[in-house]
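Encoded as C-alpha coordinates, the structure appears first; notes follow it.
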Amino acid sequence: MTLRNERVRKALMREISDILLKEIKDPNIAGIVSITDVEVSHDNSYAKVFYSVMADENGRNRTEKAISALTPKIRYEIGKRIRLRHTPELRFVFDESLERGLRITKLIDKISKGEL
(Lines give C-alpha, C1' and ligand atoms only; values in the text may rest on other atoms or scores of the structure.)
Protein backbone atom coordinates (compact mmCIF):
# COMPACT_ATOMS: atom_id res chain seq x y z
CA MET A 1 0.00 0.00 0.00
CA THR A 2 1.37 3.38 -0.96
CA LEU A 3 1.62 6.30 1.41
CA ARG A 4 -1.15 8.07 -0.50
CA ASN A 5 -3.47 5.07 -0.16
CA GLU A 6 -2.74 4.93 3.56
CA ARG A 7 -3.57 8.62 3.97
CA VAL A 8 -6.82 8.16 2.01
CA ARG A 9 -7.67 5.10 4.13
CA LYS A 10 -7.16 6.98 7.40
CA ALA A 11 -9.07 10.03 6.15
CA LEU A 12 -11.99 7.82 5.08
CA MET A 13 -12.09 6.10 8.48
CA ARG A 14 -12.07 9.43 10.30
CA GLU A 15 -14.65 11.14 8.09
CA ILE A 16 -17.09 8.21 7.81
CA SER A 17 -17.03 7.84 11.61
CA ASP A 18 -17.70 11.56 11.98
CA ILE A 19 -20.52 11.52 9.41
CA LEU A 20 -22.23 8.57 11.10
CA LEU A 21 -21.86 10.19 14.50
CA LYS A 22 -22.84 13.77 13.68
CA GLU A 23 -24.63 13.97 10.32
CA ILE A 24 -26.78 10.85 10.08
CA LYS A 25 -29.92 10.86 12.20
CA ASP A 26 -31.63 7.61 11.24
CA PRO A 27 -33.79 5.84 13.84
CA ASN A 28 -33.03 2.49 12.18
CA ILE A 29 -29.38 2.70 13.19
CA ALA A 30 -29.37 0.79 16.45
CA GLY A 31 -26.62 1.45 18.94
CA ILE A 32 -23.23 2.90 18.20
CA VAL A 33 -21.64 2.17 14.84
CA SER A 34 -17.85 1.89 14.86
CA ILE A 35 -15.73 1.94 11.73
CA THR A 36 -13.14 -0.77 12.36
CA ASP A 37 -11.19 -0.63 9.10
CA VAL A 38 -11.20 0.63 5.51
CA GLU A 39 -9.57 -1.10 2.56
CA VAL A 40 -9.01 1.06 -0.52
CA SER A 41 -8.22 -0.16 -4.02
CA HIS A 42 -4.84 0.72 -5.52
CA ASP A 43 -6.39 3.58 -7.53
CA ASN A 44 -8.66 4.78 -4.66
CA SER A 45 -11.79 4.19 -6.75
CA TYR A 46 -13.30 1.65 -4.34
CA ALA A 47 -13.34 1.44 -0.58
CA LYS A 48 -14.54 -1.46 1.55
CA VAL A 49 -15.65 -0.07 4.91
CA PHE A 50 -15.75 -2.52 7.81
CA TYR A 51 -18.04 -1.58 10.68
CA SER A 52 -19.37 -3.05 13.89
CA VAL A 53 -22.44 -2.19 15.89
CA MET A 54 -23.25 -3.01 19.47
CA ALA A 55 -26.80 -4.29 19.13
CA ASP A 56 -28.75 -7.52 19.05
CA GLU A 57 -29.38 -9.46 15.82
CA ASN A 58 -32.51 -7.44 14.96
CA GLY A 59 -30.78 -4.12 15.59
CA ARG A 60 -27.79 -5.21 13.54
CA ASN A 61 -30.03 -6.14 10.59
CA ARG A 62 -31.87 -2.80 10.79
CA THR A 63 -28.55 -0.95 10.95
CA GLU A 64 -27.21 -2.88 7.96
CA LYS A 65 -30.24 -1.91 5.86
CA ALA A 66 -30.07 1.71 7.00
CA ILE A 67 -26.36 2.03 6.20
CA SER A 68 -26.93 0.42 2.82
CA ALA A 69 -29.66 2.96 2.05
CA LEU A 70 -27.51 5.86 3.32
CA THR A 71 -24.37 4.92 1.37
CA PRO A 72 -24.97 7.52 -1.42
CA LYS A 73 -25.43 10.28 1.17
CA ILE A 74 -22.28 9.20 3.04
CA ARG A 75 -20.33 9.16 -0.23
CA TYR A 76 -21.63 12.65 -1.08
CA GLU A 77 -20.48 13.94 2.33
CA ILE A 78 -17.07 12.30 1.82
CA GLY A 79 -16.80 14.11 -1.51
CA LYS A 80 -17.38 17.44 0.23
CA ARG A 81 -14.90 16.76 3.02
CA ILE A 82 -11.95 15.03 1.33
CA ARG A 83 -10.26 16.56 -1.70
CA LEU A 84 -9.91 13.65 -4.13
CA ARG A 85 -10.15 13.54 -7.90
CA HIS A 86 -12.87 10.87 -7.60
CA THR A 87 -14.77 9.97 -4.47
CA PRO A 88 -14.45 6.20 -3.99
CA GLU A 89 -17.42 3.88 -4.30
CA LEU A 90 -18.22 2.71 -0.78
CA ARG A 91 -19.16 -0.82 0.20
CA PHE A 92 -20.05 -1.40 3.84
CA VAL A 93 -19.27 -4.81 5.34
CA PHE A 94 -20.23 -5.92 8.84
CA ASP A 95 -17.11 -6.83 10.83
CA GLU A 96 -17.73 -9.85 13.06
CA SER A 97 -14.23 -9.91 14.56
CA LEU A 98 -15.25 -7.98 17.71
CA GLU A 99 -18.15 -10.32 18.42
CA ARG A 100 -15.98 -13.36 17.75
CA GLY A 101 -13.33 -12.02 20.13
CA LEU A 102 -15.94 -11.41 22.82
CA ARG A 103 -17.27 -14.99 22.48
CA ILE A 104 -13.73 -16.39 22.72
CA THR A 105 -13.02 -14.29 25.81
CA LYS A 106 -16.20 -15.55 27.48
CA LEU A 107 -15.25 -19.15 26.69
CA ILE A 108 -11.77 -18.65 28.12
CA ASP A 109 -13.28 -17.15 31.28
CA LYS A 110 -15.62 -20.15 31.65
CA ILE A 111 -12.74 -22.58 31.16
CA SER A 112 -10.58 -20.78 33.72
CA LYS A 113 -13.44 -20.90 36.23
CA GLY A 114 -13.94 -24.60 35.58
CA GLU A 115 -17.47 -24.19 34.23
CA LEU A 116 -16.82 -26.19 31.05
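The values are calculated or read from the model by the stated rules, or taken from the named source; none is laboratory data. All of these numbers come straight from a predicted model, not from anything done at the bench. Using ideal geometry, Cβ is built from the backbone for each residue, glycine included, and neighbour counts are taken over all protein chains shown. Note: areas computed on protein heavy atoms with side chains; ligands, DNA, RNA excluded. Shrake-Rupley method; radii C 1.70, N 1.55, O 1.52, S 1.80 Å.
Every test in (1) open to solvent by less than 50 Å² (accessible area, probe 1.4 Å); (2) within 19 Å of Thr87 (Cβ to Cβ); (3) not in a helix (DSSP H, G or I) is passed by Arg9 save one, and that test is (3).
Checked against the criterion of being part of a helix (DSSP H, G or I) and not aliphatic (A, V, I, L, M), segment 28-48 contains not a single residue that satisfies it. For the condition aliphatic (A, V, I, L, M), part of a helix (DSSP H, G or I) and under 17 Å from the mean Cα position of the chain (by Cα), Leu98 qualifies. Contact annotation: residue pairs with Cβ atoms under 8 Å, 6 or more positions apart or on different chains, pairing a residue in segment 88-116 that is over 24 Å from Arg60 (Cβ atoms) with a partner that is hydroxyl-bearing (Ser, Thr, Tyr) and open to solvent by 90 Å² or more (accessible area, probe 1.4 Å), are Pro88/Tyr46. If you go through segment 12-43 and keep only what is over 18 Å from Ala69 (Cβ atoms), surrounded by 13 or more Cβ atoms within 10 Å (Cβ to Cβ) and among the aliphatic types (A, V, I, L, M), you end up with Leu12, Met13, Val38, Val40. For segment 52-81, filtered to residues that are closer than 13 Å to Glu23 by Cβ, charged (D, E, K, R) and touching a residue at least 12 places away in the same chain (Cβ under 8 Å), the residue that is most open to solvent (accessible area, probe 1.4 Å) is Lys73. Inspect all residues belonging to segment 82-89 and state whether any of them is surrounded by 14 or more Cβ atoms within 10 Å (Cβ to Cβ) and either assigned to a helix (DSSP H, G or I) or within 11 Å of the chain's Cα centre (by Cα) (or both). Looking for residues that are surrounded by 14 or more Cβ atoms within 10 Å (Cβ to Cβ) and either assigned to a helix (DSSP H, G or I) or within 11 Å of the chain's Cα centre (by Cα) (or both), one finds none in segment 82-89, hence no. Every condition in (1) over 19 Å from Glu23 (Cβ atoms); (2) open to solvent by less than 90 Å² (accessible area, probe 1.4 Å) holds for Arg100 except the one numbered (2).
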